[in-house]
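Heads up, the thing below is written out as structure tokens.
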Amino acid sequence: MAITVCWGAVPDQVMAAKTDRYVVKKGDTLWDIAKRFLNDPWLWPEVWHINPKIRNPHLIYPGDVVRLYYVDGKPYLTLEGKGGVPVAKKGLKTVRLSPKPHTQPLEKAISTLPYEIIGPFLKNASVIDDDDVLEDAPYIVSSFEGHLVAGTGNKVYARGIVDPGIGNYSVVRPGVTYRDPETDAILGYEILHIADARVVKLGDPASLIVSEADQEVLNEDRLLPFESKKTDYYFYPSAPAKPVHGQIISVLEGVSLIGQYSVVVLNRGESDGILAGHVLAIYQDGAYVRDPIDRSPVKLPDERAGLMMVFRTFEKVSYALILEAERSMTINDRFSNP
């Protein structure tokens with residue numbers, strides 16, 4: 001395979017002095033790898049080039065080798081041995097690589113963000129637009145032998161189950177109500193996934209067995225029809241296609257201070273063009289100080305406080321993971337395009 005290497009000016013987004021080759025290790029994330037090559041990791045889609053004819057061309061596995069090339073002065077990132085480098089123009093210097101056997105490891109493809117951090121929020125939390133969904137849903141009235149709580153394998157009783165075609169339910173619990181900090185408009189209602197349960201006997205009340213519990217099941221917990229869905233941990237870091245402005249409105253798991261790897265809720269969602277993978281910069285308002293000469297108030301410039309990536313979106317809100325924290329952040333800090 002021949003590639004053209006142009007030794008001209010290096011584009012600003014590429015950190016050529018750092019590395020031009022990296023062997024992917026177990027535990028890496030796509031964000032980790034992007035930072036090794038790019039000053040701005042969210043530019044990954046603009047330089048990633050892979051042969052679309054190979055199976056799962058965009059997935060990266062431990063043991064794969066990511067290479068940085070320049071073709072006509074433009075940087076390209078690709079997987080070594082997968083034929084992803086564009087054809088070179090004639091008359092330019094070429095570097096010829098010898099073909100090598102490439103064995104794809106059995107490990108799962110790396111995720112974009114740390115699975116152990118975002119996994120619980122992809123599974124156990126969601127947002128709905130209408131609180132009537134829970135108000136009208138079946139609910140737990142008791143556990144077997146009157147126990148106050150129930151767990152995996154326990155029997156529970158519920159009222160409101162009338163559809164014999166639904167045999168499996170998710171046990172959920174209402175969480176916080178999300179409001180826009182500027183307009184006070186309701187953006188959505190958080191629902192927490194507590195457990196999964198299957199119907200063993202219809203009636204009023206119906207009998208169910210808790211098949212898998214993440215938390216203890218309590219009386220008044222609600223039941224929603226179980227929906228099997230494939231969780232996607234792999235998406236491209238990218239900047240929003242249009243200008244986006246908003247605020248952090250909540251921090252999940254009840255913490256107050258926001259730092260690296262905190263999961264936050266944003267007051268913008270799918271209706272605002274927010275997508276999973278979007279990278280956003282967080283800003284804090286500049287402080288007011290008094291001019292030492294004329295004693296007038298002076299507002300200092302706003303300062304960037306960190307970077308975050310959206311990993312789950314709803315109609316009017318989104319979940320994002322703080323990836324870089326230059327200072328402590330708080331609820332109501334603003335965000336915009338990086």
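Bridging of Lys25 to aspartates and glutamates at a Cα separation below 16 Å is possible for Asp64, Glu80, Glu107, once same-chain residues fewer than 8 apart are set aside.
Based on protein heavy atoms only, segment 202-266 ends up with 56 Å² per residue of surface accessible to a 1.4 Å probe.
Gain on full extension, evaluated as 0.36 nm per residue between Ser271 and Asp72 minus their Cα-Cα distance, stands at 67.7 nm. Whole-Hz Karplus values for segment 111-126 come out as 8, 6, 10, x, 4, 5, 8, 8, x, x, 7, 6, 9, 9, 9, 8 Hz, taken residue by residue from phi with 6.51 cos²θ - 1.76 cosθ + 1.60 and θ = phi - 60°; glycine and proline positions read x.
Rolling a 1.4 angstrom probe over segment 125-230 with all protein chains present gives an accessible area of which 48% lies on carbon and sulfur atoms. What pairs from Lys123/Lys242; Lys74/Lys316; Lys74/Lys242; Lys35/Lys108 go past 26 Å between their alpha carbons? As for pairs spanning more than 26 Å Cα to Cα, those are Lys123/Lys242; Lys74/Lys316.
Put simply, the amide H of Gly188, placed in the peptide plane, has neighbours under 5 Å in Tyr178, leaving out anything fewer than 5 places away on its chain. Cβ-Cβ distance of Glu315 and Asp184, R₀ of 25 Å, FRET efficiency by 1/(1 + (r/R0)^6): the value works out to about 0.90. Looking at segment 139-239, the trypsin sites (Lys or Arg not before Pro) that sit in a DSSP loop and have at most 12 other Cβ atoms within 10 Å of their own Cβ are Lys229, Lys230. When you filter the GluC sites (Glu not before Pro) in segment 187-230 for DSSP loop state and at most 12 other Cβ atoms inside 10 Å of their Cβ, you are left with Glu220, Glu227.
For segment 192-235, the Kirkwood hydrodynamic radius comes to 12.3 Å, computed from all pairs of different C-alpha atoms. When the Kirkwood radius is taken over all Cα pairs of segment 218-338, what Stokes-Einstein diffusion coefficient follows at 37 °C and 0.692 mPa s, in µm²/s? Estimated diffusion coefficient is 204 µm²/s.
Computed from the C-beta positions of Ser142 and Val176, the FRET efficiency with R₀ = 22 Å rounds to 0.25. The distance between label points at Ala241 and Val289 comes to 4.3 nm (points 7 Å beyond Cα on the Cα→Cβ vector). Using only the C-alpha atoms, the convex hull of segment 133-261 corresponds to 174 Å³ per residue. Each residue of segment 174-190 was assigned a 3J(HN,Hα) from its phi angle through the Karplus curve 6.51 cos²θ - 1.76 cosθ + 1.60 (θ = phi - 60°); the sequence is x, x, 7, 9, 8, 10, 6, x, 9, 9, 6, 5, 6, 9, x, 10, 6 Hz, with glycine and proline shown as x.
Modelled label positions at Ser296 and Gln215, each set 7 Å beyond Cα in the direction of Cβ, lie 5.3 nm from each other. For Ala239, the amide hydrogen comes within under 5 Å of the amide hydrogens of Val279, counting only partners 5 or more places away or on other chains and with H modelled in the peptide plane. Note: segment 231-271, Cα convex hull, 130 Å³ per residue. Shown here for segment 232-314: trypsin sites (Lys or Arg not before Pro) in loop regions (DSSP other than H, G, I, E, B) with at most 14 other Cβ atoms within 10 Å, namely Arg295. If you wrap the Cα atoms of segment 202-258 in a convex hull and average its projected area over all directions, you get 8.2 nm².
The values are calculated or read from the model by the stated rules, or taken from the named source; none is laboratory data. It should be emphasised that the depicted structure is a prediction, and the values quoted were computed from it without experimental measurement. As a convention, Cβ positions derive from the backbone with ideal geometry for all residues, glycine included, and neighbour counts pool all protein chains shown. Remember, those area values only see protein heavy atoms, side chains included, never the ligands or the DNA or RNA. Shrake-Rupley method; radii C 1.70, N 1.55, O 1.52, S 1.80 Å.
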